[in-house]
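FYI, it's all coordinate maths here, none of it is from the lab. Because the structure is a prediction, the values reported are computed rather than measured. When we count neighbours, we look across all protein chains shown, and the Cβ atoms used for this are built from the backbone with ideal geometry, even at glycine.
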Amino acid sequence: MQIVVAIKQVPARDSTIRIAPHGRWIEEPDLSFEINEPDAYALETALLLKEKHGGEVTVLCAGPDRARSTIRDALAKGADRAIHIECENLESRDTLGVARLLAGAVRQEKADLILTGLQSDDLGMGQTGVVLAQILGIPHATIVMEVEIQGSSLRVKRELEDGWFQWVEMPLPALLTIQSGISKLRYATLMGIKKAKTKEVCHLEAGSDIDLSSVTLHRVYVPEKKKQTRMIDGGPAEAAAQLVDVLRSEVRVL
């Protein structure tokens, strides 16, 4: 089984984030970077499937030169080879643009299964995997918690709302977006780190002929914190009913 895992390099979770002077992205020079956590679960799922069914796992990452460290980490954990689409300012490219970028490389691989994380930790749109599946013209499933290979088809468990789950069957090839927490993440071993240095990394350049963005990012800012007091009139029963309605329909905590 040939599996492609799309991964993304994002700022480390404990990083101190500052807005860049131009206001359209964050300051990057002083940040440390790591693999996007949902993508780490997608990689772990691929490695478990490889251990059970055989085949090859290829990691696919679009990003600047610094993304090589994240690619090497994925190789050290057990991926067989990697594809690095070298491009700057990935954050300026919208979901459709990024999906088109990835699709060109995925088509050449003729993969049986493509895995992505549910969403990215930096932008959190949760759309790239779905759009990529549409471009490739293959079936997909989102928020996947369990994957079973059944010959030339898949059976996957999807997480719904309020503790409900759904089992879905689909043919291969297919694309799945993996939910965080699906399994326990492995660490790279010393032997894995040594082997990663000899594994193949194919470098591709982002094609200038691809329509990479139809949406423009105008401003990034820290959410404004505001305090607001609302007085609820009426007797105890009436005030309690109004409070419950506000908490349910406006604050949405019930």
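Quick rundown of the values:
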item	result
Lysines with Cα under 18 Å of Lys195, excluding same-chain neighbours fewer than 8 positions away	Lys50, Lys77
Radius 12 Å from Cβ of Gly151, net charge of other residues (Lys, Arg +1; Asp, Glu -1)	-2
Semi-axis lengths (Å, descending) of the ellipsoid that matches the C-alpha gyration tensor of segment 120-180	19, 17, 8
Relative contact order [Cα under 8 Å, 6+ residues apart], the chain, whole percent	24
Pair Gln228, Lys194: separation of 7 Å Cα→Cβ label points (nm)	6.2
Dipole in debye (nearest 20) - segment 1-97, about Cα centre, beta carbon charges: Lys, Arg +1; Asp, Glu -1	180
Normalised convex hull volume, the chain, alpha-carbon set, Å³ per residue	173
At most 15 other Cβ within 10 Å, DSSP loop - GluC sites (Glu not before Pro), segment 143-205	Glu161, Glu200
Footprinting exposure proxy for Lys194, Lys8, Lys199 (fewest neighbouring C-beta atoms within 10 Å first)	Lys194, Lys199, Lys8
Sequence-distant aspartates and glutamates (8 or more away, or on other chains) whose Cα lies within less than 16 Å of Lys227	Glu250
Full-stretch length increase - Leu204, Glu148 - with 0.36 nm per residue and alpha-carbon distance subtracted	16.9 nm
Contact order relative to length of segment 70-144, as percent, for alpha carbon pairs under 8 angstrom and 6 or more apart	28
